[in-house]
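Report on the following structure.
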Amino acid sequence: MRYSIVTIAILMLLGGCDQPTVETKENKTPHVVKQTYLPPPPKKKIKLKEVDDTNFDTAYMYPKESKKNEKTEIAEQMVSASSDTMDKEECITMITQEKFDKYAAMFGSEAASIKRCKMLKATR
């Protein structure tokens, strides 16, 4: 209680010091600050070089897309690997019977758990 009274008294002392000033100017023009500092001129005269732009080569600028071909080959391999038919026995040998039953219960059917096995096989 006594600390709160002291704190309030100190805040009133510090807070009451600022009094707003009243401006009597009727002409309120914005104050513009002129730049008084000018940067020094460059020490060295720079001469621009001419550029020869006739060396444009389309083969260099637009090379054949060999990386895209590699990516499509990898994608085709993954599709062919995942399109292999997998039956219930293969899936159970890959994952245990417990996990197969767990996936079947979680996803609602054995086909969904076989699909899950295909995904796991594709990621390995």
* **Odd one out for GLU98, checked against (1) acidic (Asp, Glu); (2) in a helix (DSSP H, G or I); (3) at pLDDT below 85** => (3)
* Structure fact -> Among the residues of the range 99-124, the number that are surrounded by 16 or more Cβ atoms within 10 Å (Cβ to Cβ), under 36 Å from the mean Cα position of the chain (by Cα) and aromatic (Phe, Trp, Tyr) is 1
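The values are calculated or read from the model by the stated rules, or taken from the named source; none is laboratory data. Note that this is a predicted model, so its numbers are computed, not measured. Methodologically, a virtual Cβ is constructed for each residue, glycine included, from the backbone with ideal geometry; neighbour enumeration extends over all protein chains shown.
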